[in-house]
1. Keeping to segment 41-61, report how many residues are outside any strand (DSSP E or B), at negative phi and in contact with a strand residue (DSSP E or B) (Cβ under 8 Å, 6 or more places away or on another chain).
2. So, of the residues in segment 85-107 that are modelled with pLDDT of 80 or more and of a type in the set (A, V, I, L, M), which turns out to be farthest from VAL61 (Cα to Cα)?
3. Could you please let me know if PRO52 is modelled with pLDDT under 85, over 28 Å from GLU6 (Cα atoms) and surrounded by fewer than 16 Cβ atoms within 10 Å (Cβ to Cβ)?
4. Looking at ALA128, ALA110, which one is modelled with pLDDT of 75 or more and of a type in the set (Gly, Ala, Ser)?
5. For segment 1-56, which residues satisfy the criterion of being among the β-branched types (Val, Ile, Thr), under 21 Å from HIS81 (Cα atoms) and free of Cβ contacts under 8 Å to residues at least 24 places away in the same chain?
Amino acid sequence: MSKLVERLKHVLTWWNGSTVNTAFFTRRHGELVGSDEYGNHYYRTIGGKLDPALGFERRWVIYNGYAEGSNVPTGWYGWLHHTASLPPTKEAYAPKEWQKPHKPNMTGTAQAYRPPGSTLSANARPPATGDYEAWSPEG
């Protein structure tokens, strides 16, 4: 895409990276804490200063491309939501053997989860078991 189209996307949309206001706020009040394997960048208020309105440090993410919350890996999710005090960049974390690798939300794609009996699944719906009686206006 051309540079003009990229700039217009940042001015006119909030779901493709950061908006002009977010970029301005981040430049004035934010410090980069780290980034993940998807290219998302994570920020906090400079020096970990407490936000007077919140009473705790403000943390945020600027997505690389489309803003989708499920594109935040587990370690960063915990840091963003203040369940972990240290970001993954300052922590020696090794995933447990039972943990699966991060997978983004697949809703709306061909890889979406479709349970048995779903009208969207490839299989036919299982036959009724006799516990359902169709309504008819006459009876």
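The values are calculated or read from the model by the stated rules, or taken from the named source; none is laboratory data. Everything quoted here is computed from the prediction, not taken from an experiment. Heads up, the Cβs are rebuilt from the backbone with ideal geometry, glycines too, and the neighbour counts pull from every protein chain shown.
1. The number of residues fulfilling the criteria is 5.
2. The extreme case among them is MET106.
3. Spelling it out, it is not the case that PRO52 is modelled with pLDDT under 85, over 28 Å from GLU6 (Cα atoms) and surrounded by fewer than 16 Cβ atoms within 10 Å (Cβ to Cβ).
4. Working: ALA128 fails: modelled with pLDDT of 75 or more.
Answer to the selection: ALA110.
5. Across segment 1-56, the qualifying residues are THR45, ILE46.
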